[in-house]
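Since the structure comes first, as C-alpha cells, the remarks are kept for the end.
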Amino acid sequence: MANPRTTWTSGATDDAARPLPAAVLWDMDGTLIDTEPLWMAAEIELTSRFGVTWTAQDATELVGSAMVHSAGVLQARGVDLPVTTIVDELTASVARAVTRRVPWQPGARDALETLRVAGVPLALVTSSYRPLAEPFAVAAGVFDVVVSGDDVTRAKPDPEPYVLAARMLGVPVARCVAVEDSRSGIASALASGARTLAVDGVQQVADRPGLSRIRSLRDLTLDVLRDLAAGVVLEVPPTR
C-alpha cells in the first residue's frame with residue numbers, strides 16, 4: 001500500500017508517544033552547509049587555468065555527483081590533469097574556505113542540536129572526500145559516524161553510502177530519515193530504503209514516490225520527523 005501523503009504541518013506540538021527515527025542521515029553540501037558556491041568558484045578557478053569555459057549551469061549539473069564523476073567531466077572539457085589531482089585540488093580549495101568559516105544553511109545548526117538533545121543518532125553521508133568531510137564533522141561536533149565519498153566503492157546515486165551509514169550506526173536503514181538536496185543524493189537515499197526528505201536547493205528536484213519535501217531546515221521539527229518515521233510523505237509547504 002502506498003505511503004499516506006499529507007500537507008505540511010510545521011509547528012505542530014511534539015508528541016513524545018510517537019517514535020522518532022532510529023537515526024537521521026545527513027547530506028552535507030547544499031543541505032547542511034552552503035558549499036555549492038564554493039565548489040562552483042573552485043571549478044571556475046581550475047577551468048580558467050586551462051582556458052575552459054565553465055558556467056553556473058555546468059556547475060549546477062554536477063551538484064551531488066561523485067567526486068570522480070565531476071573530475072571526469074572537467075577533464076573531458078579540457079582540464080589537463082589526472083582525475084585524482086582534480087579531486088584533490090577542488091577538495092582542498094573548498095576545505096580551506098569551510099575551515100575559515102562554516103557556511104551553515106538556515107536552521108541547520110538548530111536542527112542538529114535538537115536531534116542531539118533528543119538522543120537521535122546522527123550520520124554525515126557525503127560525496128565529498130575526507131579532507132573536507134572530517135573538518136566539518138569536527139566543527140559540527142554532533143555526528144556519530146561519517147561516510148565520505150572515498151569510504152565507498154559506489155558513491156551516490158548508488159544506495160551504498162546510506163546503507164553503510166545505517167550499518168555503522170547499527171540500525172535498520174528503513175527506520176532512518178535521510179535529508180538531501182540533490183537529485184543524485186535523493187536517488188541514493190530512496191534506493192537505500194530510508195525515509196527521504198528533500199530540502200530545496202540549487203537543483204530542481206522532481207517529485208518521486210515516497211519523497212517528502214521541505215523548503216528550509218527551519219521547518220524541520222521533531223514532530224515532522226515523527227511523521228516521516230511513521231511513513232507519512234509530506235508535501236512541500238506553501239510559500240510564506
Please state which one of Ala17, Ala23, Ala41 is within 23 Å of the chain's Cα centre (by Cα), among the hydrophobic types (A, V, I, L, M, F, W, C) and surrounded by fewer than 19 Cβ atoms within 10 Å (Cβ to Cβ). Ala41
Quick one: which helices (runs of 4 or more DSSP H) lie wholly within the range 34-130 and hold at least 1 residues that are in contact with a helix residue (DSSP H, G or I) (Cβ under 7 Å, 6 or more places away or on another chain) and not assigned by the TED database to the domain that holds Pro172? 36-49, 56-61, 67-77, 83-100
Flag for Phe136 being outside any helix (DSSP H, G or I) and either open to solvent by 40 Å² or more (accessible area, probe 1.4 Å) or hydrophobic (A, V, I, L, M, F, W, C) (or both): no
Inside the range 71-93, can you point out the residues that are crowded, with 20+ Cβ neighbours inside 10 Å and either farther than 25 Å from Thr153 by Cβ or in contact (Cβ under 8 Å) with a residue 24 or more places away in the chain (or both)? Leu74, Val79, Ile86, Val87, Leu90, Thr91
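Here is a yes/no grid of residues against (1) within 17 Å of the chain's Cα centre (by Cα); (2) at pLDDT 95 or above; (3) closer than 23 Å to Asp219 by Cα:
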site	(1), (2), (3)
Trp104	yes, yes, yes
Val117	no, yes, yes
Val125	yes, yes, yes
Asp144	yes, yes, no
Got a sec? Which of Leu197, Leu217 is closer than 27 Å to Ala95 by Cβ and touching a Lys or Arg at 6+ places or on another chain (Cβ under 8 Å)? Leu197
(1) among the aliphatic types (A, V, I, L, M); (2) modelled with pLDDT of 95 or more; (3) part of a helix (DSSP H, G or I) all hold for Val24 apart from (3)
Among residues of the range 94-126 being touching a Gly at 6+ places or on another chain (Cβ under 9 Å) and within 30 Å of Gly72 (Cα to Cα), the residue surrounded by the fewest Cβ atoms within 10 Å (Cβ to Cβ) is Gln105
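The values are calculated or read from the model by the stated rules, or taken from the named source; none is laboratory data. None of the values given here were measured: they were computed from a predicted structure. Methodologically, a virtual Cβ is constructed for each residue, glycine included, from the backbone with ideal geometry; neighbour enumeration extends over all protein chains shown. Quick note on the areas: whole protein, heavy atoms, side chains included, nothing else; ligands and nucleic acids left out. Shrake-Rupley method; radii C 1.70, N 1.55, O 1.52, S 1.80 Å.
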